[in-house]
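Laboratory data are not the source of any read-out in this text; all were calculated from the coordinates shown. Fair warning: this is a prediction, and the values are worked out from it, not measured in the lab. Cβ sites come from the backbone with ideal geometry, for glycine too, and all protein chains shown count toward neighbours.
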Amino acid sequence: MVLKGVDLTINEGNVVALLGTNGAGKTTLLRLIAGLTKPDRGDIVLGGVEFRQAGAELRRYVGLVSHAPLLYDHLTAWENLHFFAGMYDLEQPTGRIETVLQAVDLWARRNDYVRTYSRGMQQRLAIARAILHDPPILLLDEPDSGLDQKSLQMLQSLMQYLGDKRRAILFSTHNLDRALTWADSVAMLVQGRMNHHTATSLFDDPAKIHQLHVATGVEP
């Protein structure tokens, strides 16, 4: 079993960074919350409803950005989002598509093919797809991986904007500085178990930061 006794609560409007070594179970945890993998034991509760009871319907309340962007590079940004709007059964999605493209600063490139996008632009479009149906829960699996500095700054601003919209956000990363800067709190997966700290408490305790480096192997 990869995860053992994980206990994590994310309140509305909170941003939580998930840290851990490769193979610690970060992606597994995100997939469990997204409903893509079923847990052997335990419960996942979203908005007070147990996932086992709610079934697939509750997945509409979750947006997921995984390692694969889940975009069609032969379509434009607008065409991609219009396609996914149909999957979410969004009626008259034009206004919503414009809203999310404005939010991720891709409105000016809406008619360009995704294959012409940089890595950072594709990541922002993947986030636009994930929030298209306005889910209260957003999960991001290493959204900062492989981005240049400009894209990282834009992603940080986007995370702050999305957090201010009263979503519960959980993102995994290998970079401690980003975890402490972008998130309200930090959850550490070590040997399948979870340790949870506020970002402020870690900032004020260099010893804890050192222990976190050793335990998770994250970058400084």
Inset, instruction - Note the listed values (1) -0.56, -0.73, -0.94; (2) -0.60, -0.85, -1.18; (3) -0.44, -0.64, -0.99, then indicate which one is log10 I(q)/I(0) by the Debye sum over Cα atoms at q = 0.10, 0.12, 0.15 Å⁻¹ calculated from this particular structure. - result: (3)
Inset, instruction - Identify, among Val114, Thr37, Met87, the residue whose Cα sits farthest towards the positive end of the charge dipole of the chain, taking +1 on the Cβ of Lys and Arg and -1 on the Cβ of Asp and Glu, with the dipole about the Cα centre. - result: Thr37
Legend entry - Euclidean distance between Cα centres, the stretch 80-123 to the stretch 141-181, Å: 19
Inset, instruction - Return Thr9, Thr181 ranked ascending by Cβ neighbour count within 10 Å, so the fewest neighbours appear first. - result: Thr9, Thr181
Legend entry - Phi-based couplings in Hz for the stretch 29-39 (Karplus 6.51, -1.76, 1.60; Gly and Pro marked x): 5, 5, 5, 5, 5, 6, x, 7, 9, 9, x
Legend entry - Cα-projected label distance for Ser201 with Leu70, points at 7 Å along beta-carbon direction, nm: 3.3
Legend entry - Long-range amide H partners of Leu64 with built H, under 5 Å: Leu139
Legend entry - Estimated FRET transfer efficiency (Asp164, Gln92; beta-carbon r; R0 35 Å; 0.05): 0.85
Inset, instruction - Compute the length gained on full extension between Lys38 and Asn14: take 0.36 nm times their separation in residues and subtract their Cα-Cα distance, giving the result in nm to one decimal. - result: 6.2 nm
Inset, instruction - Treat each spin label as a single point 7 Å out from the Cα along the C-beta direction, and report the Asp7 to Thr116 distance in nm. - result: 5.3
Legend entry - Projected label distance in nm at Thr21 and Arg60, using a 7 Å step from Cα toward the beta-carbon: 4.3
Inset, instruction - Which order do the peptides 18-28, 81-91 take when ranked by the mean count of other beta-carbon atoms within 10 Å per residue, highest first? - result: 18-28, 81-91
Legend entry - Computed Kirkwood radius, in angstrom, where 1/r is averaged over Cα pairs of the stretch 82-122: 11.1
Legend entry - Semi-axis lengths (Å, descending) of the ellipsoid that matches the C-alpha gyration tensor of the stretch 114-160: 18, 13, 9
Legend entry - Within the stretch 1-33: backbone nitrogen closer than 20 Å to the Asp184 label point (7 Å, Cα to C-beta): 7-19, 30, 33
